[in-house]
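Data first, discussion second: the structure below is written as structure tokens.
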Amino acid sequence: MTVPWQSGRGIIYKEREDLTLRPRYCLQCSESPAGLQGVRSTEQGDHDQLKELYSAGNLTVLATDPLLHQDPVQLDFHFRCTPQTSTHWHGLLCDHRLFLDIPYQALDQGNWESLTATLEYVEEKTNVDLVFVSFQNNRNDRGALLRAFSYMGFEVVRPDHPVLPPWDNVIFMVYPLERELGHLPSEPP
């Protein structure tokens, strides 16, 4: 199946089962999909399985061991806003696609800076072609998120699109990364 956001190129979608697990939250993060304080646990394991992949400026990227070549790969993007605060974006990397959960309070200034740093990292250091952001469709800030991410160039994806994972009650938006022909990332994730 070809993804319609690509110009002249297509991505073959493998199996919907590749992304049945959601990105899980790191131990330092107090967010949960329901807005509760605490850490969401999944079958994906705990924070000890994540290793630092990259660190520069205020951004640190943690990932499941890339040498295992597992699919999907958990990626955590930690952005230091101030010496006391940080923002975390949690994602899954699968087949040239990155799925990011939008953190709560995503419209705060620090979160926009962290998203910009995350997108720059993804564009420069990975082979990702499509960045998807997702959030629960019952969030109070849903309208503001749709407007803000649309302004940044993200497009809403219809819920039944075959490239999307089978996550319930989630709105997805996509941002296609513009790649030059022959682009090679400087470091694979």
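Counting only strands (runs of 3 or more DSSP E) that sit completely within segment 48-119, those holding 1 or more residues that are at pLDDT 85 or above and of a type in the set (Val, Ile, Thr) correspond to 59-64, 73-80, 86-94.
Only one residue in Gly91, Gly153 is within 13 Å of the chain's Cα centre (by Cα) and not hydroxyl-bearing (Ser, Thr, Tyr), so which one is that? Break it down into steps so the answer makes sense when it comes.
Values: Gly153 fails: within 13 Å of the chain's Cα centre (by Cα).
Exactly one of Gly91, Gly153 is within 13 Å of the chain's Cα centre (by Cα) and not hydroxyl-bearing (Ser, Thr, Tyr), namely Gly91.
Can you pull out the residues in segment 166-175 that are over 13 Å from the mean Cα position of the chain (by Cα) and either part of a loop (DSSP other than H, G, I, E, B) or under 19 Å from Val128 (Cβ atoms) (or both)? Scanning segment 166-175 gives Pro166, Trp167, Asp168, Asn169. The C-beta contact set for segment 121-146 (first residue under 13 Å from Gln105 (Cα atoms), second residue among the charged types (D, E, K, R), distance under 9 angstrom, 6+ apart or interchain) comprises Phe135/Asp101; Phe135/Asp141; Phe135/Arg142; Leu145/Arg139.
Within segment 78-120, the set of residues being open to solvent by less than 10 Å² (accessible area, probe 1.4 Å) and among the hydroxyl-bearing types (Ser, Thr, Tyr) comprises Ser114, Thr118.
The values are calculated or read from the model by the stated rules, or taken from the named source; none is laboratory data. Everything numeric here is computed off the predicted structure, so don't read it as measured data. Note: ideal-geometry Cβ built from the backbone for every residue, glycine included; neighbour counts use all protein chains shown. With ligands, DNA and RNA removed, areas are computed over all heavy atoms of the protein, side chains included. Shrake-Rupley method; radii C 1.70, N 1.55, O 1.52, S 1.80 Å.
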